[in-house]
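S.K.: Have a look at the structure that comes next, please.
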């Protein structure tokens with residue numbers, strides 16, 4: 001199988017696994033008898049593992065390659081399949097989330113590096129690859145609560161088992177940048193783009209992590225239908241990521257990255273105050289803009305001498321933002337509510353975007 005469709009398929013399943021726990025937040029609090037102030041930590045635990053291993057994964061991918069990715073993929077599938085056995089235990093699920101995030105980090109860096117290194121039009125290729133994030137998250141958010149309401153094991157079996165044979169097909173693939181490995185992977189351009197990605201992850205991933213919970217407690221959805229309400233926040237991302245990647249290839253990667261990240265922060269700031277139909281519309285716009293920003297910002301790693309390490313850093317910055325925000329939202333919900341939580345997310349994100357934009361002001365890719 002060719003690298004791009006193979007990477008797309010593996011990433012699709014990993015994203016569906018990634019969004020299973022956030023999709024089940026309306027159920028898990030009741031099953032585990034915990035309140036929202038610590039329930040958000042179940043999502044953050046995944047991102048802590050994902051983020052902590054992101055930078056080391058850049059170096060490990062350069063050394064272990066496809067064999068390491070295969071081992072990590074099979075291990076992730078086995079761990080995910082064990083979730084139903086511990087679904088009532090907060091401590092065990094917290095630990096499993098951390099391990100699942102760590103393994104996913106390595107696989108992600110390998111896959112995106114493979115796409116960037118092997119495809120001529122990197123922006124478009126990353127856009128197609130990254131569309132798996134929005135398709136997978138949309139499916140998981142919409143379907144997982146329904147499947148779980150029928151039987152607690154169905155979503156875990158449906159997403160976990162196919163990952164094993166598909167990951168095995170990575171054998172024989174390789175990542176080569178064609179540049180000196182002794183050159184620095186991270187420079188001022190990469191750091192500037194990293195701040196843009198941190199801001200987007202902080203605002204968007206925080207919102208999506210709580211989207212089913214938000215749908216129940218603000219939009220009035222039932223637990224089983226909460227995923228359908230939240231589905232709009234990811235539905236248009238696959239279109240946005242392809243368009244953003246193509247525009248980045250043609251006009252440069254900086255402008256679409258800044259535009260997309262800024263729009264996400266602006267929407268987070270105002271969405272709570274809008275009437276229900278407009279909230280759904282703006283959730284769809286947010287998903288589109290996350291895709292629009294994501295592919296050009298990742299494709300910019302091709303300018304680095306070491307693609308895997310640069311890709312790891314850029315994704316590290318996104319996940320660093322996405323690690324902090326679900327827990328922050330959960331803590332604020334216990335005292336202030338969604339309005340204050342989203343205001344904090346939007347303001348912090350805007351400040352980071354301004355910092356990153358200033359750093360990138362005189363830089364073009």
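The values are calculated or read from the model by the stated rules, or taken from the named source; none is laboratory data. Remember, it's a predicted structure, so these values are computed and weren't measured experimentally. Ideal geometry is used to build each Cβ from the backbone, glycine not excepted, and the neighbour counts take in all protein chains shown.
S.K.: Of all helices (runs of 4 or more DSSP H) completely enclosed by segment 1-99, which ones contain at least 2 residues that are at pLDDT below 90, closer than 23 Å to residue 167 by Cβ and out of contact with any strand residue (DSSP E or B) (no Cβ under 8 Å at 6 or more places or on another chain)?
M.R.: 3-18, 20-23, 41-52, 54-81
S.K.: For segment 330-356, how many residues meet the condition of being at pLDDT below 85 and in a helix (DSSP H, G or I)?
M.R.: The total comes to 4.
S.K.: Out of segment 342-352, which residues are under 21 Å from residue 47 (Cα atoms) and either more than 21 Å from the chain's Cα centre (by Cα) or in contact (Cβ under 8 Å) with a residue 24 or more places away in the chain (or both)?
M.R.: 342, 345, 346, 348, 349, 352
S.K.: Condition test on residue 246, is it in contact (Cβ under 8 Å) with a residue 40 or more places away in the chain, crowded, with 23+ Cβ neighbours inside 10 Å and either touching a helix residue (DSSP H, G or I) at 6+ places or on another chain (Cβ under 6 Å) or under 24 Å from residue 26 (Cβ atoms) (or both)?
M.R.: On the way: in contact (Cβ under 8 Å) with a residue 40 or more places away in the chain: yes; crowded, with 23+ Cβ neighbours inside 10 Å: no; either touching a helix residue (DSSP H, G or I) at 6+ places or on another chain (Cβ under 6 Å) or under 24 Å from residue 26 (Cβ atoms) (or both): yes.
No; evaluated as a whole, the condition is false for this residue.
S.K.: I've got another one for you. Within segment 61-77, which residues are farther than 14 Å from residue 168 by Cα and surrounded by fewer than 20 Cβ atoms within 10 Å (Cβ to Cβ)?
M.R.: 63, 64
Yes/no per residue for (1) in contact with a strand residue (DSSP E or B) (Cβ under 6 Å, 6 or more places away or on another chain); (2) modelled with pLDDT of 90 or more; (3) closer than 27 Å to residue 8 by Cα:
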| site | (1), (2), (3) |
| --- | --- |
| 237 | no, no, yes |
| 268 | no, yes, no |
| 276 | no, no, no |
| 307 | no, no, yes |
| 313 | no, no, yes |
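S.K.: Within segment 289-312, can you find the residues that are surrounded by fewer than 24 Cβ atoms within 10 Å (Cβ to Cβ) and either on the phi > 0 side of the Ramachandran plot or assigned to a helix (DSSP H, G or I) (or both)?
M.R.: Once the filter is applied, which keeps residues that are surrounded by fewer than 24 Cβ atoms within 10 Å (Cβ to Cβ) and either on the phi > 0 side of the Ramachandran plot or assigned to a helix (DSSP H, G or I) (or both), segment 289-312 yields 302, 303.
S.K.: Any residue that is more than 18 Å from the chain's Cα centre (by Cα) and farther than 28 Å from residue 110 by Cβ - is there at least one of those in segment 308-331?
M.R.: Yes, because at least one residue in segment 308-331 is more than 18 Å from the chain's Cα centre (by Cα) and farther than 28 Å from residue 110 by Cβ.
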